[in-house]
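One structure below.
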Amino acid sequence: QVQLVESGGGLVQAGGSLRLSCAASGGTFSRYAMGWFRQAPGKEREFVVAMAWTGGITSYADSVKGRFTISRDNTKNAGYLQMNSLKPDDTAIYYCAVRSLFPGTQVNEYPYWGQGTQVTVSS
């Protein structure tokens with residue numbers, strides 16, 4: 001059973017940056033693909049970005065391409081989401097999730113989830 005804990009959220013002005021972290025424990029993190037999702041108030045949880053267990057395959061939602069960057073450090077059992085040029089529309093709870101080996105873009109493809117971290121972007 002994998003446990004995931006996100007951190008790094010907060011309040012930032014539009015145009016600013018945040019770096020989210022996802023700490024994993026209880027499993028072999030290096031064998032999991034990692035995804036980041038977000039959920040805004042009143043909306044469904046949506047895909048943001050995902051990376052394969054090797055780090056060699058990534059997939060980004062069109063809305064964050066060129067602004068967000070996913071990375072991972074398997075030696076630290078950690079994943080990261082660097083978010084630049086933030087917009088008010090990026091305001092949401094951000095979740096990390098893992099699944100076996102290869103990245104997916106659907107919520108139901110991921111069996112393990114963190115509790116989320118709030119990101120608020122003010123205009």
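The values are calculated or read from the model by the stated rules, or taken from the named source; none is laboratory data. Only a predicted model underlies this, so the values are computations on that prediction, with no experimental measurement involved. In this analysis, Cβ positions are derived from the backbone assuming ideal geometry, glycine residues included, and neighbour counts consider all displayed protein chains. The protein model used for the area step is the full one, side chains on, heavy atoms only, and it has no ligands, DNA or RNA in it. Shrake-Rupley method; radii C 1.70, N 1.55, O 1.52, S 1.80 Å.
Points to keep in mind about this one:
- Working ranking of peptides 39-46, 4-11 by packing, defined as the average number of other Cβ atoms within 10 Å per residue, highest first, is 4-11, 39-46.
- Global size of segment 15-82: 12.5, 37 Å for Rg and Dmax (C-alpha atoms, Rg to one decimal, Dmax whole).
- Segment 1-70, accessible surface, carbon-and-sulfur percent (1.4 angstrom probe): 48
- For the chain, the solvent-accessible area works out to 50 Å² per residue, with a probe of 1.4 Å and every protein chain left in place.
- Close amide-amide hydrogen proximity is noted between GLY10 and VAL119, THR120, each under 5 Å apart and 5 or more residues distant or on a separate chain (H modeled in the peptide plane; Pro and chain starts excluded).
- Hydrodynamic radius of segment 54-93 per Kirkwood, over alpha carbon pairs, in Å: 11.6
- Check: the chain dipole with +1 on Lys, Arg Cβ and -1 on Asp, Glu Cβ, in debye: 180
- For the chain, alpha-carbon Rg over 2.2 N^0.38 Å: 0.97
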